[in-house]
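**Q** Sending over a structure as structure tokens; questions will come in a sec.
The values are calculated or read from the model by the stated rules, or taken from the named source; none is laboratory data. The structure displayed is predicted, hence computed values, not measured ones. Here the Cβ is made from the backbone with ideal geometry for all residues, glycine too, and neighbour counts use every protein chain on show. When the accessible area is computed, the model is the full protein with side chains, heavy atoms only, and any ligands, DNA or RNA have been set aside. Shrake-Rupley method; radii C 1.70, N 1.55, O 1.52, S 1.80 Å.
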Protein chains: 2
Amino acid sequence: MANRRIAEILRSGQPDESLQVQGWVRTKRESKGFAFIEVNDGSSLANLQVVINQDLPDYEAILKKLNTGAAVEATGLLVASLGKGQRIELKAESVKVYGEADPDTYPLQKKRHSFEFLRTIGHLRSRTNSFGAVFRVRNACSTAIHQFFQERGFLWVHTPIITASDCEGAGELFSVTSLDLKNIPRTENQAVDYSQDFFAKPTYLTVSGQLEAEVMAMAFSNVYTFGPTFRAENSNTSRHLAEFWMVEPEMAFCDLEGDMDLAEAFLKHIFKYVLETCPEDMEFFNERIDKSVLATAENIINNQFERLTYTEAIKLLEKADVKFEYPVSWGLDLQSEHERYLAEQLFKKPAIVTDYPAQIKAFYMRLNDDEKTVRAMDILAPKIGEIVGGSQREERLEVLERRVLAQGLKPEDLWWYLDLRRYGTVPHAGFGLGFERLVQFMTGMGNIRDVIPFPRTPQSAEF
Amino acid sequence: MANRRIAEILRSGQPDESLQVQGWVRTKRESKGFAFIEVNDGSSLANLQVVINQDLPDYEAILKKLNTGAAVEATGLLVASLGKGQRIELKAESVKVYGEADPDTYPLQKKRHSFEFLRTIGHLRSRTNSFGAVFRVRNACSTAIHQFFQERGFLWVHTPIITASDCEGAGELFSVTSLDLKNIPRTENQAVDYSQDFFAKPTYLTVSGQLEAEVMAMAFSNVYTFGPTFRAENSNTSRHLAEFWMVEPEMAFCDLEGDMDLAEAFLKHIFKYVLETCPEDMEFFNERIDKSVLATAENIINNQFERLTYTEAIKLLEKADVKFEYPVSWGLDLQSEHERYLAEQLFKKPAIVTDYPAQIKAFYMRLNDDEKTVRAMDILAPKIGEIVGGSQREERLEVLERRVLAQGLKPEDLWWYLDLRRYGTVPHAGFGLGFERLVQFMTGMGNIRDVIPFPRTPQSAEF
């Protein structure tokens, strides 16, 4: 007996096929002499309707167990459905109930639950339509990312999670330690005695794999990371997580133009892939979560991204007939409202802003000849603002050393990073994409906690 | 001008094609009126030979810069090679040197370096033949893993790295904290005041994503994790890392038979994929690192794995005409020497040992009717011993609660895990694969620190 996934049965199953399905009951509807059970196995948003005839042995007893959430195995014959809403249905010849779900205590009864409530039952929320769709789309995004890079000969590199370098200054760090917090050992000077810690020095959770990805790009030309990164920032917002996944490609022999070309092709590829492989889930988001989701995806796929410099962007913002909350002035960073004005209102499509003032960007970005701006680029998208941030890296040893010192960092801490410029240095570039921001953007989900299976946020590390 | 990767040029480049390559000089050989430069861009083990004629403008000056490690761009015409060792070579029409590498200080001169020495220059070692091959094979393994599961409809799920649960008791944990170690806040009772910590409770780095993967399998049927895991175990061996990547599939409606079938197909798929996509790298390992690498791969691919119970294995070991260092007796865990005896000497192929004594296995493994053994399985492979460990999970609430208590764990800490058995529970199973052990096995590399880009081990968190 063929055991098949429901997505595949709904797509290509034909009347008179004998098969078995296994899944969980979403709803039960009793009619005269029949019961209709909607079964879902997580392979698709849509359920398979299983029809149980009262002639089935133990009909009443089985039916009593088939409540929302119960695990069931049904064997039978596919038949054309007479009812509305489905092409085919399964006429059950036998039904086995694996695990019941007491309707008095199972929290996921058939009704609308708020996302806030569902966060408190993170171990069950994936069984709902919304979270089913989110995590199928999340998986499709991941697959699209690997496919994009692997087809182009990029190697997936695993950069370290535990790191001793605090070089990027990208915000507050989590410490990692094997010391007993109740009883931190001290040196004679009352400092922490790190010689007793696992790594014999202070270590942290990484904020980015970029510097190590550059190491690998200097050997393999094209590489990418796709792994978890961390910020101990006390931001209780709908856009911040303490633990999130990042994608960071790095390309040797590549300048900012090549970087922008790759990033644009990359975003278009992911959106195309998800629309093609998850059409049902994407329609669900467009209908139930955010009516602009499909239009935004089409906008990304079909438009050539606008490209302009930061200096041009500032001029456009100064001329804008809009009252911004934050000031616009050359040298200040763009705020979300500015980014959204450019992408949403002015260009009505994604825009890539380049060549930001050096003082508001990281030390590793390549200094332009004007000595005031760096070869940075941010991709701003309608509805969400910055989605990708990248740069051409400073490949000139003497300039990089100058920039390291200017930002108050110690060249000796970055000896290995500087070595990359000492031996066989090349122009190179890369970018970073916050994976959850992408999934949020793709699905229209309002809170970033709802696009990662187990969100980590201030005061919260459940499950 | 077509800019192409060297792997592709060596595979399919034809004489008279005009092209440009970019990479790093591996060696320079001067002849009368000519110089031969071996260029590598990381896309393959083999280099492209670039021939520079003395007629090239600035011939002497350029040649002086083209030392081992220098970054170069060469443009010219592909020609059939008259020399030995390559089918084609590039006749340079122009050569650009991006970054030099001073032969007096660049550590990677053309000679054999020990792996120990190369570990001290982890930021450069990927530029050697051995590490180039290792990380290409590592990438191929990753790709094979995603491909295997995605083709079968499994979702890649990202389970949390930071966790508040210490439930598995799988060894020593790293603490994660935002508290200042120099100044840990105290409560009135002198305990650590976790209310001031980021998550308001003690948190750790995960040792496994399994429990959370089970959550996801109860919604999507088939899922897998592929992410970093951690052990703060002070093991300074060639087989232990503090930070390593794990692959953990989890299948609903699956018993131990299905679990073993999947694991066997999975291992075979990875080996086949790597032999097909990285033949040159695999031959390199077989020649230079471990002469049994290819035979071992063929052994895995071509043999049906032996399956036997732990009880049978103990009997075979008791009868074995071998002097073991560790005792063999029902109830004791198998040691590496026992595992290797079974796979290497007795069966001469991988063996799957099942149904281990309950007291030496984790609480979540399904208890057999004998109440003494659990539905565990370990795959033992020739040369390496245990490569996969898995089990059918205990899906019966009352049995699981009993096992939790018996192992001294608190059911209230596992409330959400127990809920999976309370609502719609199903037979389910899964396994774990240590990714670096796999890469070590595949490549024959003797030390696990040499199959991950930036190893984390006691006293060492460099780069």
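**Q** Within the range B:273-290, take every residue that is of a type in the set (Phe, Trp, Tyr) and either part of a loop (DSSP other than H, G, I, E, B) or open to solvent by less than 40 Å² (accessible area, probe 1.4 Å) (or both) and give me the one that is farthest from B:Asn47 (Cα to Cα). I'd like the intermediate steps shown before the answer.
**A** Of the residues in the range B:273-290, the ones of a type in the set (Phe, Trp, Tyr) are B:273, B:284-285.
This time we only want the ones that are either part of a loop (DSSP other than H, G, I, E, B) or open to solvent by less than 40 Å² (accessible area, probe 1.4 Å) (or both), so: B:284-285.
Values: B:Phe284: 14, B:Phe285: 17 Å.
Only one residue tops the list, namely B:Phe285.
**Q** Condition check: surrounded by 24 or more Cβ atoms within 10 Å (Cβ to Cβ), closer than 21 Å to B:Pro228 by Cα, free of Cβ contacts under 8 Å to residues at least 60 places away in the same chain and at the interface with another protein chain (Cβ under 9 Å from one of its Cβ atoms). Does A:Thr206 satisfy that?
**A** Numbers: surrounded by 24 or more Cβ atoms within 10 Å (Cβ to Cβ): yes; closer than 21 Å to B:Pro228 by Cα: yes; free of Cβ contacts under 8 Å to residues at least 60 places away in the same chain: yes; at the interface with another protein chain (Cβ under 9 Å from one of its Cβ atoms): no.
Considered against the rule, which asks whether it is surrounded by 24 or more Cβ atoms within 10 Å (Cβ to Cβ), closer than 21 Å to B:Pro228 by Cα, free of Cβ contacts under 8 Å to residues at least 60 places away in the same chain and at the interface with another protein chain (Cβ under 9 Å from one of its Cβ atoms), A:Thr206 comes out as no.
**Q** Determine, yes or no, whether A:Ala164 is on the phi > 0 side of the Ramachandran plot, facing chain B (nearest Cβ under 8 Å) and among the hydrophobic types (A, V, I, L, M, F, W, C).
**A** no
**Q** Ok, one more. Is it the case, given these coordinates, that A:Ser165 is open to solvent by 20 Å² or more (accessible area, probe 1.4 Å), assigned by the TED database to the domain that holds A:Leu275 and not aliphatic (A, V, I, L, M)?
**A** Yes.
**Q** Can we say A:Thr128 is closer than 23 Å to A:Met442 by Cα, open to solvent by less than 60 Å² (accessible area, probe 1.4 Å), within 9 Å of chain B (Cβ to nearest Cβ) and not basic (Lys, Arg)?
**A** yes
**Q** For the range A:26-48, name all the residues that are out of contact with any Phe, Trp or Tyr (no Cβ under 9 Å at 6 or more places or on another chain), free of Cβ contacts under 8 Å to residues at least 60 places away in the same chain and open to solvent by less than 60 Å² (accessible area, probe 1.4 Å).
**A** A:Gly33, A:Phe36, A:Ile37, A:Glu38, A:Asn47, A:Leu48
**Q** Let me ask something additional. Going by what's in this entry, would A:Phe253 be described as open to solvent by 10 Å² or more (accessible area, probe 1.4 Å) and in the same structural domain as A:Leu438 (by the TED database)? Walk me through it before giving the result.
**A** Values: open to solvent by 10 Å² or more (accessible area, probe 1.4 Å): yes; in the same structural domain as A:Leu438 (by the TED database): yes.
In short, yes.
**Q** Same structure again: Only residues that are touching a residue at least 40 places away in the same chain (Cβ under 8 Å) and out of contact with any Ser or Thr (no Cβ under 6 Å at 6 or more places or on another chain): list them for the range A:136-152, please.
**A** Residues satisfying the conditions are A:Arg136, A:Arg138, A:Cys141, A:Ser142, A:Thr143, A:Ala144, A:Ile145, A:His146, A:Gln147, A:Phe148, A:Phe149, A:Arg152.
**Q** From the list B:Ser130, B:Ser165, exactly one residue is among the polar types (S, T, N, Q), within 30 Å of A:Phe230 (Cα to Cα) and in contact (Cβ under 8 Å) with a residue 40 or more places away in the chain. Which is it? Steps first, answer last, please.
**A** Details: B:Ser130 fails: within 30 Å of A:Phe230 (Cα to Cα).
Every option except B:Ser165 fails the conditions.
**Q** Can you give me the number of residues within the range B:63-85 that are open to solvent by less than 10 Å² (accessible area, probe 1.4 Å) and among the hydrophobic types (A, V, I, L, M, F, W, C)?
**A** Total meeting the criteria: 7.
**Q** Going by what's in this entry, would A:Glu188 be described as assigned to a loop (DSSP other than H, G, I, E, B), open to solvent by 20 Å² or more (accessible area, probe 1.4 Å) and facing chain B (nearest Cβ under 9 Å)?
**A** Working: assigned to a loop (DSSP other than H, G, I, E, B): yes; open to solvent by 20 Å² or more (accessible area, probe 1.4 Å): yes; facing chain B (nearest Cβ under 9 Å): no.
Judged against the criteria, A:Glu188 is not a match.
**Q** Kindly establish whether A:Lys182 is more than 11 Å from chain B (Cβ to nearest Cβ) and open to solvent by 30 Å² or more (accessible area, probe 1.4 Å).
**A** So A:Lys182 fails the test.
**Q** Still on this structure, please answer the following. Evaluate the following for B:Ser114: is it open to solvent by 40 Å² or more (accessible area, probe 1.4 Å) and either under 30 Å from A:Arg422 (Cα atoms) or out of contact with any His (no Cβ under 9 Å at 6 or more places or on another chain) (or both)? Explain how you work it out, then say what you get.
**A** Numbers: open to solvent by 40 Å² or more (accessible area, probe 1.4 Å): yes; either under 30 Å from A:Arg422 (Cα atoms) or out of contact with any His (no Cβ under 9 Å at 6 or more places or on another chain) (or both): yes.
For B:Ser114, the condition - open to solvent by 40 Å² or more (accessible area, probe 1.4 Å) and either under 30 Å from A:Arg422 (Cα atoms) or out of contact with any His (no Cβ under 9 Å at 6 or more places or on another chain) (or both) - is met.
**Q** Residues that are free of Cβ contacts under 8 Å to residues at least 60 places away in the same chain, open to solvent by 10 Å² or more (accessible area, probe 1.4 Å), part of a loop (DSSP other than H, G, I, E, B) and within 9 Å of chain A (Cβ to nearest Cβ): does the range B:216-235 have at least one?
**A** The answer is no; no qualifying residue exists.
**Q** Sticking with this structure for a sec: Can you find a residue in the range B:260-272 that is open to solvent by 10 Å² or more (accessible area, probe 1.4 Å), under 30 Å from A:Ala71 (Cβ atoms), in the same structural domain as B:Thr163 (by the TED database) and acidic (Asp, Glu)?
**A** So far as the range B:260-272 goes, yes, one or more of its residues are open to solvent by 10 Å² or more (accessible area, probe 1.4 Å), under 30 Å from A:Ala71 (Cβ atoms), in the same structural domain as B:Thr163 (by the TED database) and acidic (Asp, Glu).
**Q** Ok, one more. Determine if the range B:191-202 includes at least one residue that is assigned by the TED database to the domain that holds B:Phe271 and of a type in the set (Lys, Arg).
**A** No - not one qualifying residue is present in the range B:191-202.
**Q** State whether one or more residues within the range A:410-419 are facing chain B (nearest Cβ under 9 Å) and within 24 Å of A:Lys348 (Cα to Cα).
**A** No, there is no match, as no residue in the range A:410-419 is facing chain B (nearest Cβ under 9 Å) and within 24 Å of A:Lys348 (Cα to Cα).
**Q** If you check A:Ile88 against the conditions, is it open to solvent by less than 10 Å² (accessible area, probe 1.4 Å) and either out of contact with any strand residue (DSSP E or B) (no Cβ under 8 Å at 6 or more places or on another chain) or more than 8 Å from chain B (Cβ to nearest Cβ) (or both)?
**A** yes
**Q** Filter the range B:325-345 down to the residues that are of a type in the set (A, V, I, L, M) and within 27 Å of the chain's Cα centre (by Cα) and list them by number.
**A** Those that are of a type in the set (A, V, I, L, M) and within 27 Å of the chain's Cα centre (by Cα): B:Leu334, B:Leu342, B:Ala343.
**Q** Of the numbered conditions (1) modelled with pLDDT under 95; (2) crowded, with 16+ Cβ neighbours inside 10 Å, A:Tyr310 satisfies every one except a single condition; which is it?
**A** All conditions are met except number (1).
**Q** Okay, next question. Considering only the range A:420-463, state which residues are over 19 Å from A:Ala362 (Cα atoms), in contact with a Phe, Trp or Tyr (Cβ under 9 Å, 6 or more places away or on another chain) and away from chain B (no Cβ under 13 Å).
**A** The answer is A:Arg437, A:Met442, A:Thr443, A:Gly444, A:Met445, A:Gly446, A:Asn447, A:Ile448, A:Asp450.
**Q** Let me ask something else about it. Just give me the residues in the range A:123-159 being within 30 Å of A:Ile289 (Cα to Cα) and basic (Lys, Arg), in sequence order.
**A** A:Arg125, A:Arg127, A:Arg136, A:Arg138 - these are the residues of the range A:123-159 that are within 30 Å of A:Ile289 (Cα to Cα) and basic (Lys, Arg).
**Q** Does the range A:6-61 hold any residues that are assigned to a strand (DSSP E or B), of a type in the set (Gly, Ala, Ser) and farther than 19 Å from A:Gly85 by Cβ, and which are they?
**A** Passing the criteria: only A:Ser18.
**Q** Specify which of the listed residues (A:Met377, A:Met365) is out of contact with any helix residue (DSSP H, G or I) (no Cβ under 7 Å at 6 or more places or on another chain) and in the same structural domain as A:Ala297 (by the TED database).
**A** Numbers: A:Met377 fails: out of contact with any helix residue (DSSP H, G or I) (no Cβ under 7 Å at 6 or more places or on another chain).
Result of the check over A:Met377, A:Met365: A:Met365.
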